Amino acid sequence: MSIRQLSENVINQIAAGEVIERPASVVKELVENALDAGASRIEIATAGGGLTLLRVIDDGGGIAAEELPLAVSRHCTSKLSDDVHDIRSLGFRGEALPSIGSVSRLSLRSRQAGGDSGAEIVVEGGRVGPVKPVAANRGTTVEVRDLFFATPARLKFMKSERAETAAITDVVKRIALAFPAVRFTLTGTDRGTTDLAAVPEDGEGLLRRISQILGREFPENALPIEAEREGVRLSGYASIPSFTRGNALNQFAYVNGRPVRDKLIAGAIRGAYMDALPRDRHAVAALFLDVDPALVDVNVHPAKADVRFRDPGLVRGLIVGAIRQALEAGGMRAATTGAAAMLEAFQNTAAGPAASNGGGPGRFAAARSPEPWRMETSPSRPLEMAAAGGFGAGEQAAFSVEGAFGSAVSADTRAAAGEAPAEALRRPLGAARAQVHENYIVAQTEDALVIVDQHAAHERLVYEALKQAIHARPLPAQMLLMPEIVDLPEEDAERLGNHAAFLQRLGLGLERFGPGAVAVRETPSMLGEVDVPKLVRDLADEIAEHDTAETLKERIDHIAATMACHGSVRSGRRLRPEEMNALLRQMEATPGSGTCNHGRPTYIELKLADIEKLFGRR
C-alpha cells in the first residue's frame, strides 16, 4: 500500500478524536481560551447535554477580523513563543478550534475593545466560510451546534444527556475554582442556572469561591496548606480527617492555575491521609502548585489533563509533608457534619413517635436524678500510656494493654456527682461526666456536650505512641540465613541502590549484586516472614513512579495499626472517672486524635445552642 498525504479535514478529525472526547472537552478548551484572553465574565449555555448546543461568551480582549481565519487553522496560536517548554497560559488560542470545527457547526464571533464592529467566521464539518462583519459586544462568542454530526460514530459513545450535562458542570467548576475574580454563569434548557459570582483574589475570596464549589461545610472543616521547597510552592486547603467523601471527585488540583487530574498528586493526597481515613473514604482538597514552567511538562496529554514533573519525588514529598504538618498543627477537630447528622437523627426519632401517638408527655420516661460515681475496689492502675521502649536486635515491638489501662475495671460509672472543675470545662474535650453502654464517654465543656468512643480514641493514642517508638531510630532487622538475590531490570536495581540508606533505616538491608540484580541480606523483624522478591519489586515500581520508597514504611505502619487495635481499651470496659479524664487529656495532646487509625471518628461535639434548638428552647 502506497503512502499518501491525508487531507486537511481528515487530519483535523484525527486531532478532534484526541482533544474532543465529549462536550465537556469542548467547554474546557473554550473557557480556557476565554480566560487567557483576559475575560472577567464568562457565560456558558448548553442544550442536549452539549451535543445540540454549546455557547461560550466572554468579555475578553477579542480577536481581530483579519486573524479569524488563523484562529480556525491548525498550528496557529497567540500564546506560544518559540520555546514550547515555556508555557504560561492555559492553552493555545486556536489550537482546538479547527478540531471542533471539523466535527460540528462552529461559529466564531468577536470584537476587540477598540473596534467599531465585530466579525464572524463559520466552520461546518471542516469547511471554512468567509469572514463577515456583524454586530457584536466586546469579547468573543463561540457557538458549537450539532457536535460530532460529521463523525456520527462518535455519538454512539456518548453517555446520557444528564451525564454529559453533569460533566460540563464539573469542568466549569474545576476551572472556576482557580479564578475567583471571574464570574461564571452556566445556563441551558438541560440544566438549572449556576451563577458563581466573582470574589476578591485574596485568601478570603478564594475561600468563598471554594465554598461555592465544595459547599459551605468545607471551610468549617478545612485546614490551610502552605509550603515551599526548592522553588515549588504549594497552597490551598485540605479537609480534616473526619470530613470525607465517598469518592475523589472533590479533590481539586492545579498546576500553575491549570486544573489537572494527575496520578502523582492524587497518590500524594492519599498517602498523606494513609492512616487517618478508611479505605473507602476520600479527603476533600483544593491544592495549588506553582512551579517554574521549565520544570513541568503540560503537553503530556493532548487535552492537557495530565502533567509531568521533572522531579516527581520533590512534588510528592512536598504535598505529603505539607498536609501531614497541617493535620498535626490543626490539632484535634471533629467534623461539623457529625454533630449535624446526630441532631438530624434525634429530630427524626422524636418526630416519628409524635406523629403516630400524638406526642403526649407520657411517652417520655421521667428523667432520673444523677447518681454519684460508684467506685468499687479494683486492682487496676489509673489510665496511663506505656511508652514503647527500645527494641533490641531481632526483638518484636510489644505494647501491653495492661500497661495502658490495667486489668478490667469493675467500677460501674454512670454519672458524676457535683460540679465539674472549671479548669476541665475550659479544655477542648471538657470534663468526663458519665460512661454509657460501657463504650461511650460523655463529657461536658463550657458550651458543648462531647461523646467519645473510648476504643477508637485509645486506638489512635496507642498507634501514635507505637509509631513514634518504631521510627525514632533504625528498626531492628533479621538476618537472612542466605542472602536472597532478586533479578531486576538494570534501571530498577540502580534506583534501589540509590535508596539503600533509607531502606536500611527501615530494616531492609540490600546492595547491588552485579548487573540487573540486588542482594537482600536483612528484612525488618516486624514483618516476620516476607516474600522478599515481591517486596523488592513493589519498592522498585514505587521508586520508578514516585521516586520514593514509602511502601515498606506503610507495611510497618500497618502492623503498628494492627497492634494498636488489639492493644487498646476494648468496648465494654468500665472506666473510672480519673481514667476517662486521663483519656480526654491524652486525646487533646495527640495529633490526629479526631479519628482512629481506621478513619472512624473518635468523638462528636454537640454545641449547647444546637441542643437547645432540638428541644425548642431557641
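The values are calculated or read from the model by the stated rules, or taken from the named source; none is laboratory data. This one's a predicted model, so the numbers in the text were calculated from it and none came from an experiment. Cβ atoms come from the backbone with ideal geometry, glycine included; neighbour counts cover every protein chain shown.
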Meets criteria (modelled with pLDDT of 95 or more and surrounded by fewer than 17 Cβ atoms within 10 Å (Cβ to Cβ)) for Arg41: yes
Which numbered condition Arg573 misses (of (1) touching a Leu at 6+ places or on another chain (Cβ under 9 Å); (2) surrounded by 16 or more Cβ atoms within 10 Å (Cβ to Cβ)): (1)
Residues located in the range 593-616, provided they are within 23 Å of Ala431 (Cβ to Cβ) and assigned to a loop (DSSP other than H, G, I, E, B): Ser593, Gly594, Cys596, Thr602, Phe615
Residues within the range 470-491 that are crowded, with 16+ Cβ neighbours inside 10 Å and either within 23 Å of Ile559 (Cα to Cα) or at pLDDT below 90 (or both), tallied: 5
Which numbered condition Gly231 fails, given (1) modelled with pLDDT under 95; (2) over 24 Å from Val291 (Cβ atoms): (2)
Hits in the range 147-163 - residues which are surrounded by fewer than 17 Cβ atoms within 10 Å (Cβ to Cβ) and either more than 17 Å from Ala96 (Cβ to Cβ) or without any contact (Cβ under 8 Å) to a residue 40 or more places away in the chain (or both): Phe149, Pro152, Ala153, Leu155, Lys156, Phe157, Lys159, Ser160, Arg162, Ala163
Residue count for the range 164-189, restricted to those that are in contact with an Asp or Glu (Cβ under 6 Å, 6 or more places away or on another chain) and surrounded by fewer than 21 Cβ atoms within 10 Å (Cβ to Cβ): 2
Test: residue in the range 548-560 that is closer than 25 Å to His455 by Cα, assigned to a helix (DSSP H, G or I) and in contact with a strand residue (DSSP E or B) (Cβ under 7 Å, 6 or more places away or on another chain): yes
Val134 being in contact with a Gly (Cβ under 8 Å, 6 or more places away or on another chain) and either closer than 17 Å to Leu30 by Cβ or surrounded by 18 or more Cβ atoms within 10 Å (Cβ to Cβ) (or both): no
Counted residues, the range 522-546 - those being on the phi > 0 side of the Ramachandran plot and in a helix (DSSP H, G or I): 0
Selection count where residues are in a helix (DSSP H, G or I) and either over 15 Å from Asp170 (Cα atoms) or free of Cβ contacts under 8 Å to residues at least 40 places away in the same chain (or both), scope the range 31-44: 4
First in the range 205-216 and among the basic types (Lys, Arg), second anywhere and part of a loop (DSSP other than H, G, I, E, B), Cβ under 6 Å, 6 or more apart: Arg208/Val199; Arg209/Pro180; Arg209/Val199
Residue tally, condition out of contact with any strand residue (DSSP E or B) (no Cβ under 6 Å at 6 or more places or on another chain) and surrounded by fewer than 18 Cβ atoms within 10 Å (Cβ to Cβ), over the range 501-511: 4
So Arg209, is it at negative phi and either more than 24 Å from the chain's Cα centre (by Cα) or part of a strand (DSSP E or B) (or both): no
Filter result (assigned to a helix (DSSP H, G or I), hydrophobic (A, V, I, L, M, F, W, C) and either over 17 Å from the mean Cα position of the chain (by Cα) or more than 23 Å from Leu30 (Cα to Cα) (or both)) within the range 176-205: Ala176
Answer residue from the range 590-605, given it is more than 20 Å from the chain's Cα centre (by Cα) and more than 18 Å from Asp557 (Cβ to Cβ) and is surrounded by the most Cβ atoms within 10 Å (Cβ to Cβ) among those: Thr602
Matching strands (runs of 3 or more DSSP E) fully within the range 441-521 where at least 3 residues are more than 28 Å from Gly599 (Cα to Cα): 477-487, 509-512
Count of the range 256-281 residues which are in a helix (DSSP H, G or I), among the basic types (Lys, Arg) and more than 15 Å from Gly321 (Cβ to Cβ): 1
Residue that is nearest to Glu67 (Cα to Cα), among those in the range 119-166 that are of a type in the set (Ser, Thr, Tyr) and assigned to a strand (DSSP E or B): Thr140
Some residue of the range 452-464 being aliphatic (A, V, I, L, M), in contact (Cβ under 8 Å) with a residue 12 or more places away in the chain and either surrounded by fewer than 17 Cβ atoms within 10 Å (Cβ to Cβ) or more than 30 Å from Leu583 (Cα to Cα) (or both): no
